[in-house]
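Chemist: Before anything else, here's the structure in question.
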Amino acid sequence: MKLTDIGAVKALMGENAFKKQYGQNFLISESVPRRIASLGLPPKARGKRRGCLEIGPGIGTLTRALAEEADRVVAVEIDESLLPILAVTLADYPHVTVIQGDAMKLDLAALVKEHFADCDSVALCANLPYYITSPLLMKILTSGAPLSSVTVMVQKEVAQRLTASAGQAAYGAITAAVAYYGKVSRLFEVPAGCFMPKPKVDSAVVKIELYPAPPVDADRELLFRVIKGAFAQRRKTLANSLTTAFPHIPRSTLAEAIVSCGWDANIRGEALSLADFAALANALANATAKAGL
Ligand code: SAM
């Protein structure tokens, strides 16, 4: 059964509406699922078993392509009404397991440990539901699941944010946060016409190759608080923005920490790279320790 044919998809969905609240835009392209599967999984190597975790299989279009590549696939789908459809569309793939659940609430590290014990690597691949792209991406990255990479289809604007450099308009807290976990690259664009129903915007596939250890040396919690605080009020200078995030630290101490990093006191948060934010977090830790704050 072809899952990329509009008639077949409609017939499969039957009475099931495409649920907007779950961001259901299904792929109806032949090549896009294959490209995601071949670029999202590590190269085949003799004797190495490759696992793949998918979030939101929908009716199984991408899942099938992943199953053609991977030795084991686990797909987490929130919408119960899709389970009987997936049982049919994935019937020929006994190495695929579908789990009904909300990926935002599941313990992904435990799930990977339980289901991929016989795999040498596990990559995550997904056409992410657009209504929760950023929180779901952060949930995946902070889960502690031993993933080699995270390859996701997101709205084009989100892809621009994820791959922006410091100083660019699209650069934001999510850019610096994701850069803490891995090296991000934009793989290819996907026009809106490749989905049913057709979304209003185009999409792009990005790959995050996860670092075995963080690329910067700073207290993680403080670093993320600094990043969040720096972008909370984009129009303000970094020092002013941080006064809201760190109300217990005098503005003069915040300004001193900024200047001690070698920057102008009026610098804005969007000018700083992840390494700069780490330097600032360390300077703030020193300044507050010195002041006994
Ligand atoms: N993978 C399919 C494809 O490419 O055709 C469907 C992708 S569709 C953009 C997003 C899928 O994620 C839907 O099947 C939706 O029901 C599911 N989904 C939405 N929120 C979810 C959540 N919190 N946990 C798991 N699945 C979710």
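Chemist: Would you call Ala281 touching a Leu at 6+ places or on another chain (Cβ under 8 Å) and of a type in the set (Gly, Ala, Ser)? Write out each step before concluding.
Modeler: Details: touching a Leu at 6+ places or on another chain (Cβ under 8 Å): yes; of a type in the set (Gly, Ala, Ser): yes.
The answer is yes for Ala281.
Chemist: What tally of residues in segment 7-18 results from selecting those that are farther than 15 Å from Ala87 by Cβ, in a helix (DSSP H, G or I) and within 13 Å of the ligand (Cβ to nearest atom)?
Modeler: In the first step, residues of segment 7-18 are kept if they are farther than 15 Å from Ala87 by Cβ; the result is 7-11, 15, 17-18.
Adding the requirement that they be in a helix (DSSP H, G or I) leaves 7-11.
Subsequent filtering for residues that are within 13 Å of the ligand (Cβ to nearest atom) retains 8-9.
Adding up the residues that qualify gives 2.
Chemist: Please go through segment 181-210 and pick out each residue that is open to solvent by 20 Å² or more (accessible area, probe 1.4 Å) and within 22 Å of Pro146 (Cβ to Cβ).
Modeler: Tyr181, Lys183, Val184, Ser185, Lys207, Glu209, Leu210
Chemist: To continue, here is another question. Hey, does segment 143-153 have a residue that's open to solvent by 30 Å² or more (accessible area, probe 1.4 Å), closer than 22 Å to Val32 by Cα and at pLDDT below 95?
Modeler: no
Chemist: Moving to a separate point now. So which residues in segment 270-286 are open to solvent by less than 20 Å² (accessible area, probe 1.4 Å) and either modelled with pLDDT under 95 or not in a helix (DSSP H, G or I) (or both), if there are any at all?
Modeler: Leu272
Chemist: Okay, next question. Any idea which residue in segment 211-261 is least open to solvent (accessible area, probe 1.4 Å), counting only those that are part of a loop (DSSP other than H, G, I, E, B) and of a type in the set (S, T, N, Q)?
Modeler: The selected residue is Thr237.
Chemist: Further question: What pairs can you find where one residue is in segment 51-78 and over 13 Å from Leu124 (Cβ atoms) and assigned by TED's automatic domain parsing to the domain that holds Asp120, the other is more than 6 Å from the ligand (Cβ to nearest atom) and among the basic types (Lys, Arg), and their Cβ atoms are less than 6 Å apart, with a gap of 6+ or different chains?
Modeler: Filtered contacts from segment 51-78: Ala65/Arg34; Asp71/Arg49; Asp71/Arg50.
Condition check ((1) within 11 Å of the ligand (Cβ to nearest atom); (2) open to solvent by 60 Å² or more (accessible area, probe 1.4 Å)) across all residues:
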| site | (1), (2) |
| --- | --- |
| Lys20 | yes, yes |
| Ser31 | no, no |
| Arg35 | no, yes |
| Ser38 | no, yes |
| Pro42 | no, no |
| Arg49 | no, yes |
| Glu54 | yes, no |
| Ala65 | yes, no |
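The values are calculated or read from the model by the stated rules, or taken from the named source; none is laboratory data. As the structure is a prediction and not an experimental result, all values here were calculated from the model. Glycine gets a Cβ as well: all are built from the backbone with ideal geometry, and neighbour counts include every protein chain shown. In case anyone asks, the SASA skips ligands and DNA or RNA and just uses the protein heavy atoms, side chains included. Shrake-Rupley method; radii C 1.70, N 1.55, O 1.52, S 1.80 Å.
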